[in-house]
Amino acid sequence: MINKLLTSDKANITVHFTGRVDTGRTDSLPSFKPGDTVSGYVAILSTENMNYKKLLVRIKWRTEGRGDTDESTWTSIEEPEGALIAGVVKTVAFSAVLPGEPWSFSGRYIAIVWGIEVEADVAWKINLRHFAPFILAPEWAQPQR
């Protein structure tokens with residue numbers, strides 16, 4: 001199980017990946033092949049009581065770097081109105097079969113980044129947000145010598 005932690009003054013948001021997670025590629029990011037299932041859960045520990053209009057967990061990719069940016073949501077889980085209670089962990093499960101493309105890429109001028117994005121739409125406050133990246137790429141065979 002791998003988690004990415006964001007600490008803010010309002011809440012701690014953690015993304016836990018479960019199931020088949022390969023961390024052998026780079027920087028201990030979870031890695032998946034096209035067609036794999038990415039699954040796990042999001043845990044939100046609020047430091048104060050707050051109501052949200054909706055809670056979104058998106059599996060998506062986005063471009064980063066120079067030029068225009070682009071993004072696409074592969075799967076989205078939405079919980080309607082609810083509450084975060086101080087000191088009580090709120091969990092939301094996610095699971096989706098990943099597409100064949102686009103693959104994760106990090107180049108000189110542009111990068112394609114896959115990840116789990118969490119957003120709580122909180123009325124009259126700054127929305128709680130977190131992005132936990134992962135890698136989507138095929139396995140490459142090592143050349144035989």
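No value in this document is a laboratory result; all are computed from the given coordinates. Small disclaimer: the values here were computed from a predicted structure and weren't measured. Methodologically, a virtual Cβ is constructed for each residue, glycine included, from the backbone with ideal geometry; neighbour enumeration extends over all protein chains shown.
A compact table of results
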| read-out | value |
| --- | --- |
| HN-Hα J in Hz across segment 81-92 - Karplus 6.51, -1.76, 1.60, θ = phi - 60°, x for Gly and Pro | 2, x, 9, 10, 9, 3, x, 10, 7, 9, 10, 9 |
| Phi-based couplings in Hz for segment 38-43 (Karplus 6.51, -1.76, 1.60; Gly and Pro marked x) | 9, 8, x, 8, 9, 10 |
| Zone residues, segment 57-101, relative to residue 18, backbone N less than 16 Å from point 7 Å out along Cα-to-Cβ | 90-97 |
| Order by protection proxy (mean Cβ within 10 Å, highest first), peptides 38-47, 111-120 | 111-120, 38-47 |
| Cut-off under 5 Å, modelled amide H: who pairs with residue 36 long-range | 98 |
| Centre separation in Å (Cα based) which lies between segment 51-79 and segment 87-145 | 9 |
| Long-range lysine pairs (8 or more apart or interchain), segment 2-136, Cα under 25 Å | 19 |
| HN-Hα J in Hz across segment 133-139 - Karplus 6.51, -1.76, 1.60, θ = phi - 60°, x for Gly and Pro | x, 8, 9, 10, 7, x, 6 |
